[in-house]
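*Asks:* Just dropping this structure here.
Values quoted throughout were computed directly from the atomic coordinates according to the rules given, and no laboratory measurement underlies them. Quick caveat, the model's predicted, so the values are computed rather than measured. Note that we place each Cβ from the backbone using ideal geometry, even for glycine, and neighbour counts take in every protein chain shown.
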Amino acid sequence: MERHYLSYPVRVRMCRRVLELRGEGLSYGMILERLYEEFRVWINKSLISYWFRGIHTPRCRVNVIKKEDYWFGYVVGSVLSDGNRNRHTGNIGVEIYTKDREFTEMCTKALRRIGVSPSIRFKDGRYIVRAKSTELYYLLDSG
């Protein structure tokens, strides 16, 4: 049986909604019903409890990046000008393509400063800076 995982943005919205509903005093059973009405997905009561108590977050293995930073703006500008968002099986992130070694080093430094671990490759006469980051991917997706 294939297991179905909810997408990252849906998990985040559901978690926020769980916290709102619990703050309104609803029971776990009532929260489950509301979530089903809004998202058409059934989840376990234990997951609601974990989210409410802060034991788990919808991020799972998603690293939190620092958005209130000069380096975040540098990364976003670099991706928009010389890169793209990239999504392959199990790998979600960004890529930056350049022939300039110094720019490659600055992009790598900026990615590390915001909390992402980049990798660098040299292929076809240009450098490719790759960074796996689900949060960065979806931030650039939302425009």
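*Asks:* Of Lys67/Lys123; Lys45/Lys66; Lys66/Lys123; Lys67/Lys109; Lys67/Lys132, which ones are farther than 20 Å apart at the Cα?
*Replies:* Over 20 Å Cα-Cα: Lys67/Lys123; Lys45/Lys66; Lys66/Lys123.
*Asks:* Helix 101-113 versus the longest principal axis of the chain: what angle, 0 to 90°, nearest 10, using Cα atoms?
*Replies:* On a 0 to 90 degree scale, this one is about 20.
*Asks:* Let me ask you something else. First select every other residue whose beta carbon is under 11 angstrom from the beta carbon of Phe39; then total the charges, Lys and Arg +1, Asp and Glu -1.
*Replies:* +3
*Asks:* Could you state the angle between the C-alpha long axis of helix 70-82 and the longest principal axis of the C-alpha atoms of the chain, as a value from 0 to 90 degrees rounded to the nearest 10?
*Replies:* 70 degrees
*Asks:* Let me check I've understood the local charge: for Gly83, count other residues with C-beta under 14 angstrom from its C-beta, Lys and Arg +1, Asp and Glu -1. What total comes out?
*Replies:* +3
*Asks:* Next up: For the Cα atoms of the chain, what angle does the longest principal axis make with the long axis of helix 8-23, in degrees from 0 to 90, nearest 10?
*Replies:* The two axes meet at around 40 degrees.
*Asks:* Using helices alone, I'd like the mean residue ellipticity at 222 nm for the chain: each DSSP H run of four-plus residues gives -39500 (n - 2.57), total over residue count, nearest 500.
*Replies:* -15500 deg cm²/dmol
*Asks:* Taking the highest mean first, how do the peptides 34-44, 14-24, 105-115 order by number of other beta carbon atoms within 10 angstrom per residue?
*Replies:* Answer by packing, highest mean first, reads 105-115, 14-24, 34-44.
*Asks:* Within 9 Å, Cβ to Cβ, of Phe72, how many net charges do the neighbouring residues add up to if Lys/Arg are +1 and Asp/Glu are -1?
*Replies:* +1
*Asks:* Could you let me know the centre-to-centre spacing of region 5-35 and region 96-134, using Cα atoms, in angstrom?
*Replies:* 37 Å
*Asks:* Report, in debye and to the nearest 20, how large the dipole of region 82-143 comes out about its Cα centre when Lys and Arg carry +1 and Asp and Glu carry -1 on their Cβ.
*Replies:* The dipole magnitude comes to about 200 debye.
*Asks:* Another question, if that's okay. Any idea what the dipole of region 1-133 comes to, in debye rounded to 20, about its Cα centre with Lys/Arg Cβ at +1 and Asp/Glu Cβ at -1?
*Replies:* That gives region 1-133 a dipole magnitude of about 340 debye.
*Asks:* Take the alpha carbon gyration tensor of region 8-53, find the square roots of its eigenvalues, order them as a ≥ b ≥ c, and report rounded if a/c is under 1.5; if not, report prolate when a/b exceeds b/c, else oblate.
*Replies:* rounded
*Asks:* Taking the Cα centre of region 8-53 as origin and charging only Cβ (+1 Lys, Arg; -1 Asp, Glu), how large is the dipole, in debye to the nearest 20?
*Replies:* 200 debye
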